[in-house]
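The values are calculated or read from the model by the stated rules, or taken from the named source; none is laboratory data. These numbers come from a predicted model, not from an experiment. Methodologically, a virtual Cβ is constructed for each residue, glycine included, from the backbone with ideal geometry; neighbour enumeration extends over all protein chains shown.
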Amino acid sequence: MTRAMQAGAEYVVQMDSDLSHAPKYLPQLLGTLLSADADVVIGSRYVAGASLASEWSWHRRALSSFANYYVRALLHLGIRDVTAGFKIWRTSALETIDVASIRSNGYSFQVEMNYRSVRHGLKIVELPIHFAERREGESKMSLRVQLESALVPFTLRRRAR
């Protein structure tokens, strides 16, 4: 993201490279960003009209649902899909949240970026997408990543106080 910003990008797209985020949604993401005058648009799995791959196991669905519930309960962000990795950002929003200083690794950086966005009063819009099963690569959801993901919301909440 910082490289795109340094190159003069006005907008930065964030998406998984395993093809679970369909590039066909990019025009809608940009159109929504512009028409809603939003700072970030999230391709959301958990708003009306969205769907998940039928190939997702019950375990993966449960983990994703629980993670979103857990973060929403702790941080009250007003976002349905707080762990989504499919977004389009205005560069000005990334500068506002100081993306280069994000401390989290793994999946929890999504939460930290959303948290900072809400704390700075940025306008966030969620757009329904179909989240497909990955066609390439493997999950990086290790125990270490899961533990960090569980601790980061507490750390953010504590820092806010």
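Structure notes:
- Within segment 108-129, tally of residues that are part of a loop (DSSP other than H, G, I, E, B) and buried (at least 18 other Cβ atoms within 10 Å of the Cβ): 2
- Residue in segment 102-110 that is under 14 Å from M1 (Cβ atoms), touching a helix residue (DSSP H, G or I) at 6+ places or on another chain (Cβ under 9 Å) and of a type in the set (F, W, Y) present: yes
- Tally of residues being of a type in the set (S, T, Y) and within 12 Å of the chain's Cα centre (by Cα) across segment 62-85: 1
- Filter pass, D98 being over 23 Å from M5 (Cα atoms), acidic (D, E) and at pLDDT 90 or above: no
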